[in-house]
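A short worksheet on the structure shown next.
Please treat every number below as a calculation from the coordinates, not as lab data. All of these numbers come straight from a predicted model, not from anything done at the bench. Note that we place each Cβ from the backbone using ideal geometry, even for glycine, and neighbour counts take in every protein chain shown.
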Amino acid sequence: MPGVRSPAPTDYSQEPSRHPCLKINSKEPFNAEPPRSALISSYVTPVEFFYKRNHGPIPIVDDIERYRVSIFGLVENPKELSMADIRKLPKYDVTATLQCAGNRRTAMSKVRTVKGVGWDVSAIGNAVWGGARLADVLELVGIPMLAITTPSGGKHVEFTSVDMCKEENGGPYKASIPLKQATSPEADVLLAYEMNGEPLNRDHGFPLRVVVPGIIGARSVKWLDSIVITAEECQGFFMQRDYKMFPPSVNWENISWPTRRPQMDFPVQSAICSLEDVNLVNDGKVTVAGYAVSGGGRGIERVDISVDGGKTWVEASRYQKPDAPYTADDMCCDKWAWVLFKAEVDIPQDAEIVAKAVDIAANVQPEDVAVIWNLRGILNTSWHRVKVWVGQAKL
Ligand SMILES: Nc1nc2c(c(=O)[nH]1)N[C@H]1C(S)=C(S)[C@@H](COP(=O)(O)O)O[C@H]1N2
Ligand SMILES: [Mo]
């Protein structure tokens, strides 16, 4: 019972326009990230600066009246929902950070070659997503809140798009999450039609996308076409042969995809965005600012900054609005969102500045990227390091 499919372009002649400041990592499909400095200029990332991560041409869904999301599979009461049906449900605004599992891949590829689109530290953004809660949508087809299984044995919720991806042999992008997460009101999984208070744009999934807070961006399917209740997790390429975390010993000769689970939760991450990899500054006072975020709704406990490569540390302060002092109110930070951090430091002539974040479960970023190297180059959450020289020395 597929929905009314809108034709997805088969080539890149009908792409939307994008902000010229984006750094393009791959043109077709379009993959781009903002400059580091743009990320920390606001707590909520403006849509035009939000990274764009695609696996095919951007679909054009122009007949909203005929657009339907079909919900079927191991469910007693399958349905096709229009946008009007979805808008009738209570609207939630959830501030959530979306991060690609490939964020910071370029740095990992310097240890040893990895396969995948290269990204600096900006394949991440924080948005206010507005839409219906997936748990409410599933109630419409007779699946109650906090269900672990449906009477006919459904345990997973699979999202299918309309885009055409070469990895799926020209078929659509797909992913699934466990039914338990989909039906948990606390998990805040959304079918979002708004981003930062505006209708979603084409790049980010118009007219409707899934947003699964706290897990890798790959599961937040854009341009949603159908929701299928299944017994097994999604068998699509991006769940079974991609976005899995392998140990450093696995290479393209000995890889066995079924031995690992699809990556879901994001580990603790941070990056300095006020500085590039290599910097020349006039005096020894430097602002070290950036973002920190963890997965699974685990908040950030603190961010440590070092100017001597990790021998000594100071704690950064955090802020929600640049230039506004951090207040007690900011402590009640959004559960699924990043925190921005800042420290003013005095540096020696020649400094390696490092940031590492600690989440509320006391998980901490690994020191060395080599120990988490993996052939797909995902989840580079190692200490973020940048080099700074004062004056003209050594450049
Ligand atoms: N339909 C569809 N959904 C998708 C993708 C895609 O290529 N097609 N890419 C995924 C990946 S890997 C990421 S990181 C996020 C990126 O979302 P954004 O482009 O809105 O930042 O969307 C996810 N959802
Ligand atoms: Mo991604």
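The label point for S13 and the one for R241, both projected 7 Å from the Cα toward the Cβ, are 3.0 nm apart.
Residues Y51, Y291 in ascending order of nearby Cβ atoms (within 10 Å, fewest first): Y51, Y291.
Taking every DSSP beta bridge that has both residues in the chain, what percent is antiparallel when rounded to the nearest 5? Of the beta bridges lying entirely in the chain, close to 90 percent run antiparallel.
Please give me the summed charge of the neighbours of V75: other residues whose Cβ is under 14 Å from its Cβ, Lys and Arg +1, Asp and Glu -1.
Numbers: positive: K79, K155; negative: E76, E80, E139, E158.
Result for the neighbourhood of V75: -2.
At full extension, D368 and E167 could sit 69.2 nm farther apart than now, given 0.36 nm per residue minus the alpha carbon distance.
For D62 and K88, the difference between the fully extended length at 0.36 nm per residue and the C-alpha to C-alpha distance is 7.3 nm. Summing Lys and Arg as +1 and Asp and Glu as -1 over all other residues whose Cβ lies under 11 Å from the Cβ of E232 gives a net charge of -1. Out of residues 5 or more away from H384 or on other chains, whose amide H comes under 5 Å of its own, with H placed 1.01 Å from N in the peptide plane? Excluding prolines and chain starts, which carry no amide H, the hits are A355. Estimated at 0.36 nm per residue, the fully extended path between W252 and N282 surpasses their Cα-Cα distance by 6.2 nm.
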